[in-house]
Amino acid sequence: KVLVKHPLDTVSVRLQLSGKDEISRRELWAGAYRGVLPPLLFAAPSGAVFFGVKDYVKSFARSGKLGVKLSKQQATLLSVFVAQFPYWAVRNPSELVKTRSQ
């Protein structure tokens, strides 16, 4: 996913920054993979953190230890919401590096 989306994101950013000025295809695609290493290195750990937290929170919410037993849908919504915070804590540094290198 990162190997496909990263160069497209880079080209998109360059087109937006160029405004109405002409930009050649060579300039547009030059260094399209620059800065791809940090997102590649952080993709697996951030995904692991997300699914680990989501599964733990979901099982905890379904167990009734909160004082109320949530339905499957409520537990899923709660667990995905909670899992977003540690996911982005791990993923955000790589996104910063990627953005600055474009």
For this session: Go through the residues of the range 32-48 one by one and say whether even a single one is surrounded by 14 or more Cβ atoms within 10 Å (Cβ to Cβ), at pLDDT 90 or above, part of a helix (DSSP H, G or I) and in contact with a Lys or Arg (Cβ under 6 Å, 6 or more places away or on another chain).
Result: yes
Exercise. Looking at (1) within 23 Å of HIS6 (Cα to Cα); (2) modelled with pLDDT of 95 or more, which is the only condition TYR56 fails?
Worked result: (1)
Seminar exercise, completed: Of the residues in the range 59-73, those that are at pLDDT 90 or above, open to solvent by 40 Å² or more (accessible area, probe 1.4 Å) and hydrophobic (A, V, I, L, M, F, W, C) come to PHE60
For this session: Under 6 Å between Cβ atoms, at least 6 apart or on separate chains: pull out the pairs that start in the range 1-21 with a residue that is among the polar types (S, T, N, Q) and end on any residue that is open to solvent by less than 30 Å² (accessible area, probe 1.4 Å).
Result: THR10/ALA32
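The values are calculated or read from the model by the stated rules, or taken from the named source; none is laboratory data. All of these numbers come straight from a predicted model, not from anything done at the bench. Cβ sites come from the backbone with ideal geometry, for glycine too, and all protein chains shown count toward neighbours. These area figures cover heavy atoms from the full protein model, side chains too; ligands, DNA and RNA do not enter into them. Shrake-Rupley method; radii C 1.70, N 1.55, O 1.52, S 1.80 Å.
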